[in-house]
Each structure stands twice: as structure tokens, then as C-alpha cells.
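As C-alpha cells, the structure follows; a few thoughts come after it.
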Amino acid sequence: PKGMTLLASQTATGSGASSLAFDEAISATYPYYRIYIDSLTPTGNSTNFYCRFIQASGVITSSDYIHVVDGAYRRIDTDASGTTYNSGEGTFIRMNGDADLSNNDQYATNMIIDILNPLNTTTYKCIQWQSTASGSSTGNNYNTWSGSGWLKNTSALTGIQFYFSSGDVAVPTKMRMYGVTGT
């Protein structure tokens, strides 16, 4: 798309990967970044999807992350209902709502993630996202989530890491990171 440049792509191959990351993908060339995740599926069932930021010193694992996820779900047999998840502070940003993710490829998660001003050294780091997924192994819950997460740290970012609470990132998960111009 106009104003966007593909910087890097990641694909889970073989039996999967413990995590997928875009390290050293952030530069002064772009003030904003967008990540598309296609067919995100864990190798294990009933798991959660997390991310952490990467800075020059490595992956940040401190307890300085905050996240909130809001959305709606639709059960096949009932009406849509709200679903909010907020765990306070922790060592990661949780990117799915209150429903765990399924390891069934038919119910894969798709996401759009924005990283805003990752090189700014005066504000906390933040991301925002939208996703669609099925929240159970039987496909009874169809979810849409939007969320945001912050790292209470003002150091510049060099990248972002994604992983599951247990198990690996399964094949055929694909991720693409774009730099977005400010105009």
C-alpha cells in the first residue's frame, strides 16, 4: 500500500517456532510500523498470545508492561456479548481477550498491529491492535478484539517479539512488518 514499505517477514516453518520476532527492524526511516499476522495458530490448545518489546539491551522481560483488551464474541447458540480482559501489570502484553486461542487451523487468528513512535525517548512505548479469532477448540466462540499495551520505559525500541503462553507458533503462521511514512 502507498506509504508502506515491507521491511521484514517471518513464517513459522517445520514443526513451529517458540517465538517469532522482528529484531533490529525499527529505524529512523519510519515513524510508525504496521504488522500483519495471518493464520496465527498455537501448537497447543487453550493458550494465550503475548508480545514483548526489544530494545538495544535485548528483549524486555521486566514487570513494566500494561495491557487492556476489549471486544465481542458470538456463540453459535446465543447473541453477541462483551468480553473485556485487563490483568494490570506484568512481564508481557497479552493480545487475546478473556478467551484462549485454539490450535485448530480452521479457527486461526488474524491481526493488524500498529507500533507508534518506537524511537521517541520521552514517552512510554505503546502498541494497538485488532484481531479476529475463534476462542475455543470447537469453534463455538467467534471473537473480535481490540487492545493496546504499554511498556513503562522511554528507551527507543529496536523490535518486537511474539510468543504463546505455552507451546510453539504453529505452521502456517505468517507475519509481515511494514514501515509507514509520516505523510
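The values are calculated or read from the model by the stated rules, or taken from the named source; none is laboratory data. As the structure is a prediction and not an experimental result, all values here were calculated from the model. FYI the Cβ positions are ideal-geometry reconstructions off the backbone, even for glycines, and counts take in every protein chain you see. Surface areas here come from the heavy atoms of the whole protein model, side chains and all, with no ligands, DNA or RNA. Shrake-Rupley method; radii C 1.70, N 1.55, O 1.52, S 1.80 Å.
If the requirement is being touching a strand residue (DSSP E or B) at 6+ places or on another chain (Cβ under 7 Å), modelled with pLDDT under 90 and open to solvent by less than 50 Å² (accessible area, probe 1.4 Å), which of these qualifies: T83, T144, T158, T132?
Details: T144 fails: open to solvent by less than 50 Å² (accessible area, probe 1.4 Å); T158 fails: modelled with pLDDT under 90; T132 fails: open to solvent by less than 50 Å² (accessible area, probe 1.4 Å).
Result: T83 is the single residue among T83, T144, T158, T132 that is touching a strand residue (DSSP E or B) at 6+ places or on another chain (Cβ under 7 Å), modelled with pLDDT under 90 and open to solvent by less than 50 Å² (accessible area, probe 1.4 Å).
Suppose the filter is in contact with a Phe, Trp or Tyr (Cβ under 6 Å, 6 or more places away or on another chain), open to solvent by 50 Å² or more (accessible area, probe 1.4 Å) and farther than 17 Å from N143 by Cβ; does R34 pass it?
yes
Residues checked against (1) surrounded by 15 or more Cβ atoms within 10 Å (Cβ to Cβ); (2) modelled with pLDDT of 90 or more; (3) farther than 22 Å from V180 by Cβ; (4) of a type in the set (A, V, I, L, M):
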{"residue": "S19", "(1), (2), (3), (4)": "yes, no, yes, no"}
{"residue": "A28", "(1), (2), (3), (4)": "no, yes, no, yes"}
{"residue": "D38", "(1), (2), (3), (4)": "no, yes, no, no"}
{"residue": "Y50", "(1), (2), (3), (4)": "yes, yes, yes, no"}
{"residue": "F53", "(1), (2), (3), (4)": "yes, yes, no, no"}
{"residue": "D64", "(1), (2), (3), (4)": "yes, yes, yes, no"}
{"residue": "V69", "(1), (2), (3), (4)": "yes, no, yes, yes"}
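Starting from segment 166-183, take each residue that is open to solvent by 10 Å² or more (accessible area, probe 1.4 Å) and list its partners that are of a type in the set (D, E) and part of a strand (DSSP E or B), counting only C-beta distances under 9 angstrom and pairs at least six apart or across chains.
Filtered contacts from segment 166-183: P172/D38; K174/D38; R176/D38; V180/D114.
Every residue in segment 1-28 that is under 18 Å from I112 (Cβ atoms) and either in contact with a Pro (Cβ under 8 Å, 6 or more places away or on another chain) or β-branched (V, I, T) (or both), please.
Scanning segment 1-28 gives T5, T11, I26.
Do any strands (runs of 3 or more DSSP E) lying entirely in segment 1-57 carry at least 1 residues that are among the polar types (S, T, N, Q) and at negative phi, and which ones are they?
Here the list reads 4-11, 19-22, 49-55.
So in segment 101-118, with the set limited to residues that are in contact with a strand residue (DSSP E or B) (Cβ under 6 Å, 6 or more places away or on another chain) and modelled with pLDDT under 80, which one is most open to solvent (accessible area, probe 1.4 Å)?
N103
Any residue in segment 56-64 that is over 21 Å from F164 (Cα atoms) and either in contact (Cβ under 8 Å) with a residue 24 or more places away in the chain or out of contact with any Pro (no Cβ under 8 Å at 6 or more places or on another chain) (or both)?
Taking every residue of segment 56-64 in turn, at least one turns out to be over 21 Å from F164 (Cα atoms) and either in contact (Cβ under 8 Å) with a residue 24 or more places away in the chain or out of contact with any Pro (no Cβ under 8 Å at 6 or more places or on another chain) (or both).
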